[in-house]
Structure formats: C-alpha cells, structure tokens
Amino acid sequence: MSKRDRLSGNEAVAAAIRQINPDVVAAFPITPSTEIPQYISSFKADGLIDTEFITVESEHSAMSACIGASAAGVRAMTATSSAGMALMYELLYVAASDRLPIVMAAVNRALSGPININADHSDSMGARDSGWIQIYSENAQEAYDNMLMAHRIAEHPDVMLPVMICQDGFITSHAVQNIVTEDDAFAKAFIGEYRPEKYLLNPQESLGVGPYSVSVYYMEIKRQQFEAMNSARRVIADVSAEFTARTGRAYAMFESYRMEGAELAVLLMSSSAGTGKVAVDALRERGVKAGLVKLRVFRPFPAAELAGAFPGVKALGIMDKSDGFSGCGGPLGAEVRAALYGKADGIRTIDYIYGLGGRDVRVEDFYEIFDELARMAGGAEAPDCRYHGVRE
C-alpha cells in the first residue's frame, strides 16, 4: 500500500535502501551524499536492516569493498559525490568489466577545481564511459523510484552491470518534497531475491574474478560489455513499464513534455526540468509553441528514440550541466547532435553550458533561451555552444 510522505532526496534514497536491505553497504562520507550512509548507519543501529555496513577510509576503498562483496555473490551498494566518485575512478571500470551489479547513489556535485560543493554533472559525466548504467532523477520521487528499480536492472542476467542513480546535490538531495513511498512488502516483492549464476563463494565451482586480460581476450570482454549495455535498453524499458503498471508512476528512457506541435524545445536532465516545465507552461499560454524533453537514462544512450522525439521542431537547445572542454560544448550536446545527425538534420541546435557549481537556473533563464531559439528558428545566426547565466 502506498503512503504519502515528506522526504528529501537523500531521505528518499535511504528509505529505498532500507527496503532493499542490501547485504553490504560500504561508503565514505562526502557532501552532499553524506546523509545517505548516515541514515543507513541509523537503520543498522535500530535493527531495521541486517546489512553489513562497512566504514572505510576512502571512496576508493568503498568501491573496492563493494567489488569484493558483489564478486562474493551478495548485493552491494554505496553512495558518493564529486571528488569521492573521482577517487573511485579506477574501480568504476573494474566493477563494470567484472560485470558486478553494484548500485550507487550518486549525488551530483561539481568536481574540483576550484573546490565547490554544489550541483552540476561534472562528476558523473566524467564517468560516463566507465561502463556503468546512468539514470538521472528530477526530484525526490524519481530518486526513490529509480533506486527501487536499480537492482532489477543491474541484476538481470542479460545485463549484469553496475548502476548509478543520480540526483542533483542540495537542489534535490536536501530539499524536502511530498512523495509517495511503497510499503515494504511491495518493495521486497518487486525487487526480488538476488541469485547470481557465478560467484566466488560457490563451493561447487572454482571461479576467478578480474584476472589479467591479455590482448587475445581483452576485446572479447569489451564486446560482452557492449552487448550487455545494449541489452540494458530493453531491460530498463521492461522494468520501468512494470513499475508503472504497479504504481501508476510513468517512466521511460526520456520524458516528452508538451512536445505536441512544438517548434522550439529544450533537452536537459535532472532537477532543472521542473523549472523548465513551468517556463514551457507559461510560454504555451502566450502562444509560443514550446516543449521540453527530459532525459532520464544517459547510459545506455537512447539515440534512436531521441532521433524521433522532435517532429516539427525548428530549434533545439541542449542544456549541459557540465562542460566537456572540447571547445564545442558538453557531453550531452555532443551525443544528442550525433543522434540527430542524418535523421533530423533540419533542426538547428545550440548547446548551453549552464548551472555550473550550483549557479541558479530560473524560469527567466528559460525565457531567454526560448527567445534565442525563436530567433534561430527565424534564421538568425547563433553559436554552436555558449555559456548561459554567466557574468560576461
């Protein structure tokens, strides 16, 4: 039975982890994800979970412990942000290549330097090619729901890849919102038991995990990861559809908001989508044919689906909360443009770098962006990429 509650994003994720009751959680505190292991520690102390909670000396050690636990055959989870994720960097690749379905609560925070504790996506975007599935959350409700779906996706025999569930630091993680939580019986039944086919502690089989891979094997391993990530597209869609059928809360690879007849649109991820929707509603009332697409799943990237998401759109603003420092935009802009190339060539695009280091993004900012898109649709020149909201 569902229950209405008031929780922050961190509380919502912790509530989902309590319901999951993983075998192992290994974590090292770093703002703004610190609250998540704090809540887990309290759950453990109060007897609400029987998780083995490992307090480690660094985030590198946290991921190492998760890798060992997952290889042994149990559910393992962690939480981190920013430089903590960067310290895990080597191990992120190990977890993915060893096909270990670890789940991470990634509370997005700007990656130093200069040092900053507020939200942007430079931490998870820096790990975008590590082999982890990446799912982004607009609000506390999505963070909770995505976490409940994470193990079903990661542990599917056609996938067996780690998953990070991302939310914007402080904007989502610490803001209290009205959400709906499911009862423990539903969560337990939906997630199910973890029964790995291969694991180190199986007395019936000898197994090696993470051996040195010489050149005659390395490419085959990477090809298997490639196939697993492709399979994840179907599994994410299936798990999301089942979750929707059982809760009424709809999830897909991305959300199209008021895209019917839209001629101007923005594409973005996470918390800024809520602000963008308010702007789109107001612009529609003024007669502007505005729309919005919110990307939920960044890895695997839904290129084919996105190519058909903008019928009739003349100008598209791609909003990147990190800069790829390629000189031509951020990672989201590069991948969306690649998806559209040859399939939706009539759309003029501009990549906006915005919100870095927690810079405020207001409804008025979206009005300015849609004004520029309208000029582009009318034939005006515009750069391929520009910073928005920066003091010139």
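The values are calculated or read from the model by the stated rules, or taken from the named source; none is laboratory data. Remember, predicted model here, so these are calculated numbers, not experimental data. Neighbour counts run over all protein chains shown; Cβ positions are idealised from the backbone, glycine included.
Before moving on, here are some points about what is shown:
- Taken across the range 351-374, residues that are over 30 Å from residue 169 (Cβ atoms) and not assigned by TED's automatic domain parsing to the domain that holds residue 123 do occur, with at least one present.
For (1) in contact with a helix residue (DSSP H, G or I) (Cβ under 6 Å, 6 or more places away or on another chain); (2) crowded, with 20+ Cβ neighbours inside 10 Å, each residue gets a yes or a no:
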| position | (1), (2) |
| --- | --- |
| 3 | no, no |
| 14 | yes, yes |
| 55 | no, no |
| 77 | no, yes |
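- When residues of the range 19-63 are limited to those that are more than 22 Å from the chain's Cα centre (by Cα) and among the hydrophobic types (A, V, I, L, M, F, W, C), the one nearest to residue 194 (Cα to Cα): 49
- In the range 96-127, residue surrounded by the most Cβ atoms within 10 Å (Cβ to Cβ) [restricted to those that are free of Cβ contacts under 8 Å to residues at least 40 places away in the same chain and not polar (S, T, N, Q)]: 111
- Note on the range 169-194: residues that are within 22 Å of residue 153 (Cα to Cα), of a type outside the set (A, V, I, L, M), touching a helix residue (DSSP H, G or I) at 6+ places or on another chain (Cβ under 8 Å) and not in a helix (DSSP H, G or I) amount to 4.
- Filter pass, residue 266 being outside the structural domain of residue 183 (by TED's automatic domain parsing) and within 13 Å of residue 319 (Cβ to Cβ): yes
- The residue of the range 33-53 that is surrounded by the most Cβ atoms within 10 Å (Cβ to Cβ), among those that are in contact with a strand residue (DSSP E or B) (Cβ under 8 Å, 6 or more places away or on another chain) and more than 25 Å from residue 161 (Cα to Cα), is 35.
- Reported count of residues in the range 303-341, each being of a type in the set (Gly, Ala, Ser) and either in a helix (DSSP H, G or I) or in contact with a helix residue (DSSP H, G or I) (Cβ under 6 Å, 6 or more places away or on another chain) (or both), is 11.
- Residue that is nearest to residue 106 (Cα to Cα), among those in the range 280-302 that are in a loop (DSSP other than H, G, I, E, B) and in contact (Cβ under 8 Å) with a residue 12 or more places away in the chain: 296
- Number of the exception - residue 202 against (1) touching a helix residue (DSSP H, G or I) at 6+ places or on another chain (Cβ under 7 Å); (2) in a loop (DSSP other than H, G, I, E, B); (3) surrounded by 12 or more Cβ atoms within 10 Å (Cβ to Cβ): (1)
- Members of the range 347-392 found to be assigned to a helix (DSSP H, G or I) and within 13 Å of residue 264 (Cβ to Cβ), listed by number: 366, 367, 368, 369, 370, 371, 372, 373, 374, 375, 376, 377
- Verdict on residue 26 being part of a strand (DSSP E or B), crowded, with 22+ Cβ neighbours inside 10 Å and not polar (S, T, N, Q): yes
- Failed condition for residue 210, given (1) under 25 Å from the mean Cα position of the chain (by Cα); (2) on the phi > 0 side of the Ramachandran plot: (1)
- Note on the range 353-379: among residues that are of a type in the set (A, V, I, L, M) and out of contact with any helix residue (DSSP H, G or I) (no Cβ under 8 Å at 6 or more places or on another chain), the one that is farthest from residue 262 (Cα to Cα) is 353.
- Given (1) surrounded by 15 or more Cβ atoms within 10 Å (Cβ to Cβ); (2) at negative phi, number of the condition residue 345 does not satisfy: (1)
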